[in-house]
Every structure is written in C-alpha cells, then in structure tokens.
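Report on the structure given below.
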Amino acid sequence: MVRHGVGRALTATAVVAVFALSACSGDAETPSAGATTARASGGSSSPAAPTIEQQHSVPAPGPRQPGVLAPADILVVGAQTLDPDKVAAIERMKHVTLLQLALSDATVENKALTVAAVDPGAYRSFTPLHSADFQKGWDRVAGGELALKDRLEDKVPLDANGYLRLGGATDAPSVHVGAYVQQQPLIDAVVNQTWVKTLGMTPDNALLVRAGKAAPKELAKQLRKLFGDEASVTLVDKATRIGLQPGARQIAVVTGTVAQAVGVYRYTVLGGGHIAPDADWVREHIVTEAVPILGAVTCNRVIFPQLKAALQEIIDRGLADKIHPGQYAGCYYPRFIAGTTTLSNHAFGLALDINAVENQRGTVGLIDRGVVQIFQEWGFTWGGTWHYTDPMHFELNSVVTPKLESAKQK
C-alpha cells in the first residue's frame with residue numbers, strides 16, 4: 001500500500017457538476033481467499049492481486065516505461081466527452097503532453113470522491129516516483145480493483161471483503177480497494193477504463209495536461225479560450241496549494257443513484273466554503289414547500305413527494321413528537337462540507353438534518369429508530385449507520401413513488 005496525501009483548497013470559481021445515473025448495479029464478486037490490499041510503504045509483502053471480475057480486467061501494464069514523471073499542471077473537465085478536434089489541437093502544441101481519461105464524483109457518506117477511469121500504465125507517470133514504481137498497485141488496477149488515495153485509508157466505509165460502494169444506494173456498484181497510492185492532485189481514486197459504463201461515467205471527458213516548457217498559467221488561458229463553456233480548466237498546483245483563481249470555471253461530473261435529480265450543476269465558489277449555484281439551476285431544481293411537522297422547507301423539488309410521505313407516515317404512526325421542528329437544521333445548503341472542497345448532497349438540496357442538537361456527528365444519536373425506519377422505507381439513507389456517524393442526516397438515495405394507503409393495500 002502506498003500512503004501519500006494531497007490536500008485541496010478552493011477560493012472562488014465557477015463549477016459544474018453533472019450527475020449520471022449508474023448504468024449497472026451488480027457488485028463485484030468476493031475476492032479469492034487471502035486477497036489483501038497492496039501496500040508499498042512499510043516494506044510488507046502482499047499476495048498476488050486477485051481477479052475481481054473478468055469484464056473489468058485489462059492486461060497488466062508491466063514495468064514503468066522511461067519518460068516524463070510529473071503531475072499534470074492543468075486539469076480539464078467537461079460535462080460531456082471532450083471534442084476530439086480540440087484534444088488533437090492540444091496534442092499538437094509544442095512540449096505539451098496530456099492524458100485523456102473519464103472523471104466523475106461518487107458520493108460516499110455525503111462526500112464526493114473524485115474517481116478517474118484511466119489507462120493505469122499511462123496514468124502512473126502522473127504520480128510521485130514511489131507510487132509510479134509500485135508495480136503491485138497498478139497491476140491491481142489493471143485487474144479490476146480500485147486504487148484509493150492513501151489519506152483516505154481509514155476514512156471511507158469498506159465492507160468486510162474490502163469493497164467500497166460508490167454511491168449512497170444499497171444497489172450502487174462496488175469496487176474492491178486493491179491499493180492505496182498517492183494520486184495526481186485533485187483525484188481521490190482510480191479504476192481502469194472498463195469501469196466507465198458500470199459506474200455511469202462520461203467517457204473521455206477530462207484531460208491531465210503537462211505544460212512542459214510552456215508557462216502553465218499562459219497555457220491555461222489558451223485552453224480556456226479553446227474550450228469556452230464546454231469544460232473547466234484548473235491550474236492544479238495553485239488549486240492544491242492556495243486555491244483556485246476567482247472566476248476560474250470548474251466541472252465536477254458526479255455519478256449516483258439519484259443523479260437525474262441534479263443534472264448539470266453549475267456554481268461559483270465564493271470563499272469561506274460557500275458556493276453560488278447558477279440561477280437557472282436554482283430556478284429549475286430548488287423550491288420551498290410546506291411539509292408535515294417541519295413546516296416550510298427549501299429543497300430539491302425531487303425530494304418533496306417522498307419527504308412529505310415519510311413525515312405523514314410518522315404522524316400516522318404516532319411518532320410526530322419524536323421530531324423537533326426547532327432542531328431542524330436545513331436541507332438546501334449551497335456550500336462545501338466544512339473544512340473541505342467536497343460537495344455534499346445538501347448542495348443539491350437532496351438531504352436534510354433533523355433533531356440536530358441531540359444527534360451530533362460521531363455519536364449514536366437519540367433520534368427515534370422508528371422515525372429512521374420510516375425514512376429508510378421512503379428511499380432515504382440515514383447517516384447514523386456511516387463510518388463516521390451523522391445521525392441527524394437523511395439523504396435521498398432512491399426514487400420511491402408515494403401511493404395512497406388504499407392503493408398500497410390492494
């Protein structure tokens with residue numbers, strides 16, 4: 001396992017998040033006995049990589065080939081597959097090198113992890129030397145497993161067999177974590193390219209670009225002019241050290257079970273963790289409506305049928321006094337998770353926090369488990385079961401159509 005961490009910071013930027021519905025929900029088969037996660041640090045040895053799924057296996061990359069070994073200076077991300085003619089134009093630029101890949105964000109316990117589907121043999125040259133030469137790690141990626149950023153080792157919820165579910169729903173695709181490697185900055189995890197369809201990713205929608213002898217800042221200006229509004233262009237080094245330049249356009253492509261509720265999410269980073277979604281997106285998706293018990297709430301319009309149905313059932317079951325309207329902590333919050341540059345489902349209006357005072361992060365919480373059960377029956381995930389618990393938090397993970405009680409009984 002390679003353990004190396006890269007932090008991220010943003011100041012002011014325009015961003016787009018594009019949600020895509022997961023194309024397949026089948027979990028990968030259980031690894032063979034003795035399968036472990038590859039570790040490079042500490043010098044410990046590991047068994048050979050297991051083959052997780054034949055359809056997600058590609059030929060092993062072999063030893064790293066001689067050539068440039070350096071992270072990208074610029075990250076380009078589009079909502080759709082990038083125009084091949086524009087990519088070719090960049091390839092013709094003198095001294096500039098690039099790698100095309102698929103990039104998306106998967107929401108895991110209310111945090112968006114940036115996942116890249118790559119050619120492992122080519123991508124490794126964008127990581128530090130000790131990661132690039134970690135042969136077992138890249139063999140694992142070629143074999144169908146996921147390589148996760150080392151600083152996330154104990155911060156994401158793996159199941160008993162070492163799988164990470166990429167999405168909030170119980171039927172979201174799972175990938176076995178085979179290695180921990182220091183990634184290219186702004187990327188949290190990588191899989192090989194066979195996972196693009198399974199994870200509902202957009203093929204070839206991103207570029208890692210090395211400026212070579214060119215000034216990265218000037219090259220970034222050229223790329224912004226080339227792509228216009230079709231893609232974001234981020235100076236990676238500035239983003240990881242001191243934050244993005246005000247006004248820089250970004251695109252985060254996010255996969256998830258309720259992806260259709262969000263579509264293309266454009267926003268501007270204001271600083272201090274706050275963001276300003278584009279007014280058109282807000283008008284289309286965010287509304288304020290009255291719901292049982294809580295009164296007027298502001299959320300994504302998709303959430304309301306299930307939220308109203310869940311709250312009404314709570315009343316019908318005599319549990320209304322278990323929810324305290326004075327402790328309602330909101331639904332639509334256009335900001336990053338505190339202290340990070342990670343979007344949460346609150347940014348999309350797809351989560352709400354109730355009984356906040358007595359259900360703090362990291363606790364089992366006091367919220368009535370009958371209330372929890374009802375929310376779960378109506379398609380919500382409860383944060384109380386997470387790796388780092390958040391018992392006040394309920395987020396939409398599947399679309400359930402409310403029906404009249406008489407219809408349910410037929």
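Brief remarks follow.
- Å² per residue, accessible surface of the range 96-204 at 1.4 Å: 27
- Carbon/sulfur fraction of accessible area - the range 270-395, other protein chains in place, 1.4 Å, %: 55
- Of the solvent-accessible surface of the range 105-209, computed with a 1.4 Å probe over protein heavy atoms with every protein chain present, carbon and sulfur atoms account for 50 percent.
- Under the shape rule built on the C-alpha gyration tensor, where the axes satisfy a ≥ b ≥ c, the range 294-361 is oblate, since a/c reaches at least 1.5 while a/b does not exceed b/c.
- Here's how it looks for ALA276: its modeled amide H is under 5 Å from those of THR268, VAL269, LEU270, which are all 5 or more places away or on a different chain.
- Per residue, the range 276-383 exposes 41 Å² of solvent-accessible protein surface, assessed with a 1.4 angstrom probe and all protein chains in place.
- In terms of its C-alpha gyration tensor, the range 65-162 has an oblate overall shape, because the principal axis ratio a/c (a ≥ b ≥ c, square roots of the eigenvalues) is not below 1.5 and a/b does not outweigh b/c.
The values are calculated or read from the model by the stated rules, or taken from the named source; none is laboratory data. Just so it is clear, the model here is predicted, and its values are computed rather than measured. In case anyone asks, the SASA skips ligands and DNA or RNA and just uses the protein heavy atoms, side chains included. Shrake-Rupley method; radii C 1.70, N 1.55, O 1.52, S 1.80 Å.
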